[in-house]
Amino acid sequence: MAFSKKAVTGMRDILPAEMEVRSALQHIIRETYSLYGFTEIETPIVEHIGNLTSKQGGENEKLIFKVLKRGEKLKAALEKLSASDEEGSESLTEEGLRYDLTLPLTRYYSANAGSLPQPFKALQMGPVFRADRPQRGRFRQFAQCDIDILGDASNLAEKELVLATSEALEKVGFSKYNFYIVINDRRFLFELIKYAGMPEEQAEDILIVLDKADKIGAEGVDAELKDMGISGESVAKLRDILDNFTTDAAGVRAFGDKIGSDTAKAAADNVADIMESIANVEGRSISMKFDPTLVRGMGYYTGTIFEIKTEAFGSSVGGGGRYDKMVGKFTGQDVPAVGFSIGFERIMTILMEDGADKLIKSRNKEAWLIEKNMPADKLGDIFNKAIEQRAAGKQVLTVWMAKNKKFQKESLTEQGYSEFKEFYIKER
């Protein structure tokens, strides 16, 4: 079989110019999050298949890259599968590539909680994998940047996540894209279904339809709900409340009062308090909007959920929420947890299309052109001088001098080198 130069579909090679921007973006994010007390950890890209298929990851569980068993284990599994004449291949896998960073984090915390500070403020950056349909800003291998707080049941955790995430975006110049944070509470969603008199056993399917509100509009949502067999009276009652709310903190409280249940009022107090606290932060302009149709697809969310929106991109460029029941899946004892993830690739897509070079710190970049066959002693002197310059903060590239120096310098200028020195065997 011939070698293929192309990267695997949905994955890509990253050229130096983009890599420099990616590194600069990651540096700004890391530096900002560290100022808020988040400490960086790392988890493996390969996870136990049982963890990945535990009905916590929503639609992403359909997009898992599964890893086949190897050697004798694979042979035995194939023989068993053939003998049983069953369809499916679950028995052929033990592991898979992680589809996000949250599930590995909860496994990590469950295994290491005794050695970690409480509450634990975690920062993770790394690749994740989904067998998705590639499109603008969406790949099958992509980077995520997550911050999470485990062990804090109060919404102080949510407030810190919002402040840290928005500050990181502001520092990379994302304010020009008028980004804003959409907020909701998952408890509202189930109370809405009860309020409208819809069958609670159809809750998950109803939420899938609600989650498409920004794509198919109110009429599309109503039509799909009726196609599911939901009564016109229930659909009308739901539409009435969804068409008559405001997106500010006062609107959240009014929304909770209209539903009327204690759970809805508690959710309203939670969301409104977060919004009011953030609004009172001086020197920051963080736009937050309440949206009761925000669902987020992960099955592990239990309370507050958020998404970052901007007109510069058709879908969200970040999101997260509270997942208080997930650690308990591993340990049998629930631990409050909440996280926020920046959509690194989508933000990179926007920045690369518009002014990404502003992220790269300007520094003196010198190229030293050395005549070929330079004697070892003289070459050592040149290296020593280069080391001194690098210690002073200059970027120094040492390269052999090409025959066509004009073309060589033009090429190096395109790479950002603005100063040149030439070294010859015999001084000229």
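Structure above, values below:
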item	result
Sequence-distant lysines (8 or more away, or on other chains) whose Cα lies within less than 18 Å of K121	K159, K325
Angle between the chain longest axis and helix 213-227 axis [Cα atoms, degrees, rounded to 10]	30
Calculated FRET value between I382 and R136, using beta carbons and R₀ = 56 Å, to 0.05	0.75
Cα-based helix-to-principal-axis angle, 186-195 vs the chain, degrees rounded to 10	30
Neighbour cut-off at most 15 other Cβ (10 Å), DSSP loop, GluC sites (Glu not before Pro), the range 329-410	E371
Gyration tensor (alpha-carbon) shape descriptor, the range 1-56, a/c threshold 1.5	oblate
Cα-based equivalent ellipsoid, the range 115-232: semi-axes from gyration tensor eigenvalues, Å	33, 21, 16
Contact order relative to length of the chain, as percent, for alpha carbon pairs under 8 angstrom and 6 or more apart	17
Reachable lysines, given that their alpha-carbon falls under 19 Å from the alpha-carbon of K365 and they are not under 8 places away in the same chain	K385, K394, K405, K406, K409, K421
Whole-number Å³ per residue for the convex hull built on Cα positions in the range 190-318	116
Degrees, to the nearest 10: 344-353 long Cα axis against longest axis of the chain	60
Accessible carbon and sulfur surface of the chain relative to its total accessible area, %, 1.4 Å	51
Cα-based convex hull volume of the chain per residue, rounded to whole Å³	231
Amide hydrogen neighbours beyond the local backbone of I45, cut-off 5 Å, H modeled	none
Protection-proxy order for peptides 15-21, 179-185, each taking the mean of Cβ atoms within 10 Å per residue, highest first	179-185, 15-21
Top positive-direction residue, dipole computed over the range 100-165 with Cβ charges, set L156, P104, V128	V128
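The values are calculated or read from the model by the stated rules, or taken from the named source; none is laboratory data. Everything numeric in this text was worked out from a predicted model, so none of it was measured. Cβ coordinates were reconstructed from backbone atoms using ideal geometry, including for glycine residues, and neighbour counts include every protein chain displayed. SASA here: full protein model, heavy atoms, side chains in, ligands and nucleic acids out. Shrake-Rupley method; radii C 1.70, N 1.55, O 1.52, S 1.80 Å.
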